[in-house]
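Take a look at the structure set out below.
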Amino acid sequence: MVTNSFIPIISEEKKKEENLGSIEFQVVNLNHMIQRLTSHLELHRKDYLSQRGLRKILEKRQRLLSYLSKKNRIHYKK
């Protein structure tokens, strides 16, 4: 049975921050997805589609972090 692993993250972040579309929440969500894909790729080394997806997620996180560093240095350091 597949469980939704985003529910605990959303509930934790919702307590801290009301806006689920914020840059900070998106970065936390991407970090969680990166951890899941990394553990998947440790088992399935030749899953090239997942490797491509991981690269895309890493690029998106990098873009969000650079945007956050320009707009709000205080939240970027956290």
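Within the stretch 34-78, the set of residues being among the aliphatic types (A, V, I, L, M), in contact with a His (Cβ under 7 Å, 6 or more places away or on another chain) and farther than 16 Å from residue 22 by Cβ is empty. How many residues does the stretch 17-63 hold that are surrounded by 11 or more Cβ atoms within 10 Å (Cβ to Cβ) and either at positive phi or among the small types (Gly, Ala, Ser) (or both)? Counting residues in the stretch 17-63 that are surrounded by 11 or more Cβ atoms within 10 Å (Cβ to Cβ) and either at positive phi or among the small types (Gly, Ala, Ser) (or both) gives 3. Counted as qualifying within the chain are the helices (runs of 4 or more DSSP H) with 2 or more residues that are among the small types (Gly, Ala, Ser) and modelled with pLDDT of 80 or more, namely 48-71.
The values are calculated or read from the model by the stated rules, or taken from the named source; none is laboratory data. What you see is a predicted model; the values in this text were computed from it and never measured. Cβ atoms come from the backbone with ideal geometry, glycine included; neighbour counts cover every protein chain shown.
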